[in-house]
């Protein structure tokens, strides 16, 4: 039955509030509320919205909260298989160790869903950029053909008949090139438009859930979007890898008077592809290209205060505000540096040797020798304090973020050299990745994760190899090169590239996620240990491991 209010939900704030059926959770005007009690069986408690503390707005989940296999409401989540479950699924997964009710898992889902919403918006922005780029390529093709026509017509006044025949031949060939190119552009635009339409459908649900949804709905949508997010990023990434434009032009021989003897061969069509040098400033994943590193500041790391030995910085990362965080393995410390690499505040002291650090908006995560993940908070005035500690199944070395609530770690002496761990301490494996059948000791293998390309990067020090794993497709690529010698720590570089410490030849190797080497940069400190890029992609911090000569350096990153 259609209520006389055009949109009852939007009319809640009218001076004269409509009544509300608590049993049916529906909004009515006065006339419809009377009809509701007549035509709908049962007893109803109809109250005024003005008398309610709040009205829960029902969110249409578009079937995402229903099990596609059993057509039942989703009420559980299996951590072992990363699967949303109905009651039937939960029975099937009864032997799994971590099958939990949504109500016990979804309290902390809002930050993750909010971050995924931002990711969707960024993908939408990238999609719009690609669509605009396709339109611009079409306009450029049309403009170049128009320019050729004008250029030909200027010469045609003298060589009218001959030029007319040549022009027809040339334009036919040019339009044939355009037809082929337009098919590529149409296919590219259509694929991206389809992706954008899917995002347009998801974003309103996401926004509404963030404002009015239940925790369970937020959890379901976050898992649904998380899976879609990887697929969408992979699609956008594939589209962005091909940033080529085709431009058509015409050329004339020098001896114009000799053209009369050339017949229809008087003209030649030039089909030229030109790389796009710059991506849109709104598009975060810029075209992978070489960079230059300019040393800003370099400091020695002598023993100070209560240090038992020379500082050995095995882990570096930047806070979102630009401060640099380092862990000193030998002296069991966590240290904050400013932009001049001056120590800020008092270092935090661990009970055992720390290995690596990962910084985020909410604080720090530090791996350690004692099979413990230390979660620390950092104040604006450089006070570091312990929030809590998580025991881990094995020693974790390097650490980085996969999502705001999930981290990727390199695992020493474990069957899988890289794993995932949540902020709640749940450890997960990369199910689609086939790792080499070998175990690594501490520092023998380091990892990082390129979020935009869903690429896990894992170094093999003794094999002088950098392994790239596409966790969505389950494919891998091993990169070996004479410039990669004893690869150590690795981090995400500018434009979703990868930067690796080549320890044996004191250099940083810059790679794409497809394994192409963009550049090698010599660093004037012996045996590189760790590196990290700032969140804005403009600075690179580097440390080394030479006892008594340890240094910490900061470089400016510029695109060439």
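The values are calculated or read from the model by the stated rules, or taken from the named source; none is laboratory data. Remember, it's a predicted structure, so these values are computed and weren't measured experimentally. Every residue, glycine among them, receives a Cβ derived from its backbone with ideal geometry; neighbour counts consider all protein chains shown.
Within the stretch 176-188, the presence of at least one residue that is buried (at least 17 other Cβ atoms within 10 Å of the Cβ), in contact with a strand residue (DSSP E or B) (Cβ under 9 Å, 6 or more places away or on another chain) and part of a helix (DSSP H, G or I) is confirmed.
Restricting the stretch 470-490 to residues that are surrounded by fewer than 23 Cβ atoms within 10 Å (Cβ to Cβ) and within 18 Å of the chain's Cα centre (by Cα), which is modelled with the highest pLDDT? For the stretch 470-490, the residue satisfying everything is 470.
Test residue 118 against the criterion of being free of Cβ contacts under 8 Å to residues at least 60 places away in the same chain and over 23 Å from residue 236 (Cα atoms), and give yes or no.
No.
Could you please find all residues in the stretch 432-467 being part of a loop (DSSP other than H, G, I, E, B) and under 17 Å from residue 485 (Cβ atoms)? Selection gives 443, 444, 445, 446, 461, 462, 463, 464. Has the stretch 137-155 got any residue that is within 28 Å of the chain's Cα centre (by Cα), on the phi < 0 side of the Ramachandran plot, assigned to a helix (DSSP H, G or I) and surrounded by 14 or more Cβ atoms within 10 Å (Cβ to Cβ)? Yes, the stretch 137-155 contains at least one residue that is within 28 Å of the chain's Cα centre (by Cα), on the phi < 0 side of the Ramachandran plot, assigned to a helix (DSSP H, G or I) and surrounded by 14 or more Cβ atoms within 10 Å (Cβ to Cβ). All told, residue 515 falls short of being surrounded by fewer than 17 Cβ atoms within 10 Å (Cβ to Cβ) and out of contact with any strand residue (DSSP E or B) (no Cβ under 9 Å at 6 or more places or on another chain). Restricting the search to the stretch 368-377, which residues are surrounded by fewer than 22 Cβ atoms within 10 Å (Cβ to Cβ) and under 15 Å from residue 313 (Cα atoms)? Once the filter is applied, which keeps residues that are surrounded by fewer than 22 Cβ atoms within 10 Å (Cβ to Cβ) and under 15 Å from residue 313 (Cα atoms), the stretch 368-377 yields only 369. Counting only strands (runs of 3 or more DSSP E) that sit wholly inside the stretch 325-396, those with at least 2 residues that are within 25 Å of residue 488 (Cβ to Cβ) and in contact with a strand residue (DSSP E or B) (Cβ under 6 Å, 6 or more places away or on another chain) are 333-337, 343-349, 354-360, 363-368, 372-378.
Residues are listed down the side, and each one gets a yes or a no for (1) surrounded by fewer than 17 Cβ atoms within 10 Å (Cβ to Cβ); (2) in contact with a helix residue (DSSP H, G or I) (Cβ under 6 Å, 6 or more places away or on another chain); (3) modelled with pLDDT of 95 or more; (4) over 14 Å from residue 315 (Cβ atoms):
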{"position": "357", "(1), (2), (3), (4)": "no, no, yes, no"}
{"position": "366", "(1), (2), (3), (4)": "no, no, yes, no"}
{"position": "388", "(1), (2), (3), (4)": "yes, no, no, yes"}
{"position": "391", "(1), (2), (3), (4)": "yes, no, no, yes"}
{"position": "420", "(1), (2), (3), (4)": "no, no, no, yes"}
{"position": "425", "(1), (2), (3), (4)": "yes, no, no, yes"}
{"position": "429", "(1), (2), (3), (4)": "yes, no, no, yes"}
{"position": "440", "(1), (2), (3), (4)": "no, no, no, yes"}
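Remark: pairs (first residue in the stretch 437-460, not assigned by TED's automatic domain parsing to the domain that holds residue 354; second residue modelled with pLDDT under 90; Cβ separation under 8 Å; 6+ apart in sequence or on different chains) are absent.
Residues are listed down the side, and each one gets a yes or a no for (1) modelled with pLDDT of 95 or more; (2) in the same structural domain as residue 443 (by TED's automatic domain parsing); (3) loosely packed, with under 12 Cβ neighbours inside 10 Å:
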| residue | (1), (2), (3) |
| --- | --- |
| 241 | no, no, no |
| 256 | no, no, no |
| 282 | no, no, yes |
| 286 | no, no, no |
| 291 | no, no, no |
| 311 | no, yes, no |
| 318 | yes, yes, no |
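With respect to residue 419, determine if the residue is free of Cβ contacts under 8 Å to residues at least 60 places away in the same chain, over 24 Å from residue 335 (Cα atoms), assigned by TED's automatic domain parsing to the domain that holds residue 444 and not in a strand (DSSP E or B). It is false that residue 419 is free of Cβ contacts under 8 Å to residues at least 60 places away in the same chain, over 24 Å from residue 335 (Cα atoms), assigned by TED's automatic domain parsing to the domain that holds residue 444 and not in a strand (DSSP E or B).
Yes/no per residue for (1) surrounded by 15 or more Cβ atoms within 10 Å (Cβ to Cβ); (2) modelled with pLDDT under 85; (3) assigned to a helix (DSSP H, G or I):
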residue: 163; (1), (2), (3): yes, yes, yes
residue: 168; (1), (2), (3): no, yes, yes
residue: 201; (1), (2), (3): no, no, yes
residue: 204; (1), (2), (3): no, no, yes
residue: 211; (1), (2), (3): no, no, yes
residue: 237; (1), (2), (3): yes, yes, yes
